[in-house]
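This report concerns only the one structure given below.
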Amino acid sequence: MGFLPVVLWTDALFFVLLAIGAATIVHVRREAPLRAAWGRVGSRAAGMASAVILLAFLVIGIADSLHFRAQLSAANGAAESAPVAHSSEVLSALDVLLSSLRTRVEKTYSAPFATALYARETVELPGGGQSRIYPRLAWGGAHLGEATGERDADVARRIATGLAGAAGGWIAVAAILVLMLARRRGNGMSEAVRALWRGETALAWRAALFTLACVLVVTILAIRLAPYYHVFGTDKVGQDVLYLSLKSVRTALIIGTLTTLVMLPFAVALGIMAGYLGGWVDDVIQYIYTVLNAIPGVLLIAAAVLMMQVVIDTHPQWFATAAERADARLLALCLILGITSWTGLCRLLRGETLKLRELEYVQAARAFGVGTAAILRRHVLPNVMHIVMIALVMDFSGLVLAEAVLSYVGIGVDPTTISFGTMINAARAELAREPMVWWSLMAAFAFMFVLVLSANLFADVVRDAFDPRRS
Amino acid sequence: MFAYMLRRLLYAVPILIGVNLVTFALFFVVNSPDDMARMQLGVKRVTPEAIERWKVERGYDRPLFFNTAAKGSGQVTETIFFRKSLRMFTFDFGRADDGRDIAQEIRDRMGPSLALALPTFVLGLFASVSFALILVFFRASYLDFWGVVLCVAMMSISSLFYIIGGQWLISKLWALVPISGYAPGLDAWRFLVLPVVISVIAGVGSNARWYRTIFLEEISRDYVRTARAKGLSERVVLFRHVLKNAMIPILTGVVVVIPLLFMGSLLVESFFGIPGLGSYTIDAINAQDFAVVRAMVFIGSVLYIVGLILTDISYTLVDPRVRLE
């Protein structure tokens, strides 16, 4: 079956960001001071542990950013040369991996691991008459047949085998790591194991392995259980909540990273120029960011999103598929969040450049007649990059949290985009129900908590490693 | 001092004009009033007459900047820019889509907003500073370490979770206070306790951590060493010296938000059904009532600028070394 690759705007920018990340890694490996700073990040247990979790989320995000449109099978009797038609539904690589979750849609709510729907329904009995029962789920625990009483034993068996699999996988990874460490350190395997166990390695591999064990257990349990049960239940239209949570990861990552990426050029260029050139340039730039700061952030976002929505709604011809339209709104949201958040970084960079301008090496460059552009590029920019780096990681968690709130208020992502905010928004109507439908809320909050917590921890470690005042 | 204040106030004028221009561009230039009318009336099956009527009702049928049809000064005043944007400087915001006067509505809703925001602010500041002080008192101990871990964990939780969880636990499970609603007068306290408590808890994580770093910075100063060398107890050093000096960055950091308390909190007010300015804004956003959103943007920026000026003044009050000239 053929397919047509689709590159959404956010995909393209996300991959640009990944490429920048890869280039940065290459660059860091060459520069000793940068390598030392990242070494400090790696030597901290919190840094390595949070990096492992963020990496796991990143893998999900990347898999969900490879979009395509599947080829429709040709109608019977169509000529061989007929143009190939593609489905208007845009899928991602993650959708293919999770197709068992995506397609197994129930009728409506069902609790985690349930085998029957959450609400009673009136059904016609075969012999006439009616009865109010909890209807059996179409997919949840379907392999059990009518023997739903064996569910607990079945779940326990799957968890046991899953844990065994996770342990096996973990031991394999640990063994590879020990081999690598032993080769690098040049003394035997047992010495490497001991160093690892005592946490005496240069990078905090012990914390990384421990986190990896947790990640592996969760992943493998999900792989073992999710095809047979709805581990996090189903939502109002019967979609699997685990699927929705995994899809939300990409939205969160895109908002958290692209926002900073799109505002970075403005913040860096304007901040450095304001600080270095001074005079009327400084006045103008300061005026611009004071004006933008003066407008309350939420209201500016609300106004801009409302306006963007009008633009998108009045120009349906720009978008071939619904996914592209939703994507345009996501990108617009990133831009708007960027506009409201670049002022802080700009002010920091301006202050730092003001300091750098008076340093001897910049003075010397100026005395030698080096041009302004060259001084900014060669002497100022590299020396403010640590501030940019810190801002990038510090902003991430706040943006992820902001997305949920904005989507909840109705000024966030498109309602058809799966995100933590839209999940919470859809679940809030059911809070008043008795018994409460708690699982989609808890799933969204739990995923968000893990993502934001690891981002916060990572940001702290990065700031400690890069901020010269803190060492 | 007076001359400085006057200059600051004059400096506020171009900023407000800038805000005005930005909002004007956002609301009228990015989309023409025709687009907005079509969106409000439904994109399909809308007649040109209906659009025209919608525009006349709201006064959007005039030209943007320059009216060639009018005479004399009317060429400037009979425009959308003059009527909708410049009139805001006189706090004349026109009418909302439901026909009510926006300025009157704002005056009515300020009370409930403040009744929620002011206790939240005061109690939040008190709770965060106390928590940070405890952490600093036991610094470099397990208590400090786990306290910081708790702070980071608390700031990683979505504010929506605090609200939903708090409502569920306190109002539904324990049935201590009503889940949402509002009553005028003193009866309001029953409705305000829960939102205030939840907002304080939601904010304590990030604030306490921030204040802790300020305290720690202050504690490494020379005067603290001198105070210790004099033989003062750690408690006296912390409360009488460090707290006083650390309040300078803390106060100047929070003064800027005091005027914005009038705006209320969007999330909390809409969750708890408090008829303040926050829920007014949310309702306007959901109903796409552009006039109200514009008015709130303008008021918000005025209050922000007031906050900046208050910050400058507060510097001179708490730190005698600073003089405004």
### Query
Considering only A:427, A:439, A:401, whose Cα is most displaced toward the positive end of the charge dipole of segment A:350-466, charges sitting on Cβ of Lys, Arg (+1) and Asp, Glu (-1)?
A:401
### Summary
With segment A:16-65 reduced to its Cα atoms and the Debye formula applied, log10 I(q)/I(0) at q = 0.15, 0.33 1/Å amounts to -0.51, -1.06
### Task
Putting +1 on Lys and Arg Cβ atoms and -1 on Asp and Glu Cβ atoms, find which of A:349, A:334, A:304 reaches farthest to the positive end of the dipole of segment A:291-419.
A:349
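For segment B:198-325, what is one quarter of the convex hull surface built on the Cα atoms, given in nm²?
Values: hull surface 41.7 nm².
Result: a mean projected hull area of 10.4 nm².
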## Note on the structure
Along principal axes, largest first, the alpha-carbon spread of segment A:92-166 in whole Å comes out as 50, 34, 18
### Task
Estimate the FRET efficiency between residue B:1 and residue A:368 by the formula 1/(1 + (r/R0)^6), using the beta-carbon distance for r and 60 Å for R0, to the nearest 0.05.
0.85
#### Entry: Rel. contact order, % - alpha carbon contacts under 8 angstrom, at least six apart, chain A
20 percent
### Query
How big, on average over all directions, is the shadow cast by the Cα convex hull of segment A:280-359, in nm²?
7.0 nm²
### Query
Helix B:290-318 versus the longest principal axis of chain B: what is the Cα-based angle in degrees, 0 to 90, to the nearest 10?
30 degrees
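Would you mind estimating how fast chain A diffuses translationally, via Stokes-Einstein at 25 °C and 0.890 mPa s with the Kirkwood radius over Cα pairs, in µm²/s? Mind showing how you got there, number by number?
Working: Rh = 25.7 Å.
D = 96 µm²/s.
Where does segment B:1-118 land on Rg(C-alpha)/(2.2 N^0.38 Å)? Could the numbers behind the result be given before it?
Values: Rg = 18.0 Å, N = 118, 2.2 N^0.38 = 13.5 Å.
That ratio works out to 1.33.
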### Query
Which translational diffusion coefficient, to the nearest whole µm²/s, is obtained for segment A:1-134 from the Stokes-Einstein equation, given a Kirkwood hydrodynamic radius over C-alpha pairs, 10 °C and 1.306 mPa s?
77 µm²/s
### Query
With charges set only on the Cβ (+1 for Lys and Arg, -1 for Asp and Glu), what does the dipole of segment A:390-468 come to about its Cα centre, in debye to the nearest 20?
220 debye
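From Cα pairs below 8 angstrom and at least 6 apart in sequence, can you work out the relative contact order of chain B, rounded to a whole percent?
Working: 319 pairs, mean separation 70.8, N = 325.
Here the relative contact order equals 22 percent.
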### Task
Please identify the longest segment of chain B free of exposed chymotrypsin sites (Phe, Trp or Tyr not before Pro), where exposed means a DSSP state other than H, G, I, E or B and no more than 14 other Cβ atoms within 10 Å.
B:175-325
### Summary
Relative to chain A, whose Cα atoms define the longest principal axis, helix A:381-409 and its Cα axis are tilted in degrees, nearest 10, by 30 degrees
### Query
In angstroms, what radius of gyration and Dmax does segment B:101-156 have, counting Cα atoms only?
18.1, 58
## Note on the structure
In whole angstrom, largest first, the equivalent ellipsoid semi-axes that the Cα gyration tensor gives for segment B:174-213 are 28, 11, 6
### Message
Need one number: nm distance between label points at residue A:378 and residue A:218, each 7 Å from Cα along Cα→Cβ, rounded to one decimal.
### Response
4.8 nm
### Query
Cα extents of the protein assembly as shown along the three principal axes, largest first, in whole Å?
87, 81, 67
### Message
Please give me the summed charge of the neighbours of residue B:113: other residues whose Cβ is under 14 Å from its Cβ, Lys and Arg +1, Asp and Glu -1.
### Response
-2
### Task
Taking the Cα centre of the protein assembly as shown as origin, sum charge times position over the Cβ atoms of Lys and Arg (+1) and Asp and Glu (-1), and report the length of that vector in debye to the nearest 20.
2160 debye
### Query
Put +1 on the Cβ of each Lys and Arg and -1 on the Cβ of each Asp and Glu in chain A; which of A:257, A:26, A:202 then has its Cα farthest toward the positive end of the dipole?
A:202
### Message
Can you give me the distance in nm between label points at residue A:429 and residue A:84, each placed 7 Å from the Cα along the Cα-to-Cβ direction?
### Response
4.0 nm
#### Entry: Stokes-Einstein translational diffusion, segment A:212-283 - Kirkwood Rh over all Cα pairs, 0.890 mPa s, 25 °C, in µm²/s
151 µm²/s
### Directionally averaged shadow of segment B:139-232, computed from the convex hull of its alpha-carbon atoms, nm²
9.3 nm²
### Using alpha-carbon coordinates, inclination of helix A:45-63 to the longest axis of chain A, degrees
60 degrees
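Where does the charge balance sit around residue A:276 when Lys and Arg score +1, Asp and Glu -1, over other residues with C-beta under 10 Å from its C-beta?
Details: positive: A:350, A:357; negative: A:282.
Charge balance near residue A:276 sits at +1.
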### Convex hull volume per residue for segment A:185-332, taking Cα atoms only, in Å³
268 Å³
### Message
Over segment A:151-214, what portion of Cα pair distances is larger than 20 Å, expressed as a whole percent?
### Response
38 percent
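Could you please report the charge total around residue A:230, scoring K, R as +1 and D, E as -1 over all other residues with beta-carbon less than 9 angstrom from its beta-carbon?
Surrounding charge for residue A:230 is -1.
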## Note on the structure
Expressed in nanometres to one decimal, the distance between label points 7 Å along Cα→Cβ at residue A:161 and residue A:32 is 5.6 nm
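Please grab the % of Cα pairs in segment A:287-435 that end up more than 18 Å from each other. Mind dumping the intermediate values first?
Values: 7534 of 11026 pairs.
That tail contains 68 percent of the Cα-Cα pairs.
For segment B:49-163, just run the numbers: alpha carbon Rg, then divide by 2.2 N^0.38 Å, N being how many residues it has.
1.94
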### Query
Which whole-number value in Å³ per residue fits the convex hull of the alpha carbons of segment B:206-258?
69 Å³
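Rounded to the nearest whole Å³, what is the per residue volume of the convex hull around the Cα atoms of chain B? Let's see the in-between values first.
Details: hull volume 60.4 nm³, N = 325.
Normalising the Cα hull of chain B by residue number yields 186 Å³.
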### Task
Report, in debye and to the nearest 20, how large the dipole of chain A comes out about its Cα centre when Lys and Arg carry +1 and Asp and Glu carry -1 on their Cβ.
1460 debye
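Find me the longest stretch of chain A that has none of the exposed GluC sites (Glu not before Pro), where exposed means in a DSSP loop (not H, G, I, E or B) with at most 14 other Cβ atoms within 10 Å. Show your work: numbers first, answer last.
Details: sites that count: A:31, A:80, A:146, A:200, A:358.
Longest gap between qualifying sites, sites excluded: A:201-357.
Throughout, read-outs are computed from the coordinates displayed, never taken from laboratory work. Source: prediction; values computed, not measured. Reconstructed Cβ throughout: ideal geometry from the backbone, glycine too, with neighbour counts over all protein chains shown.
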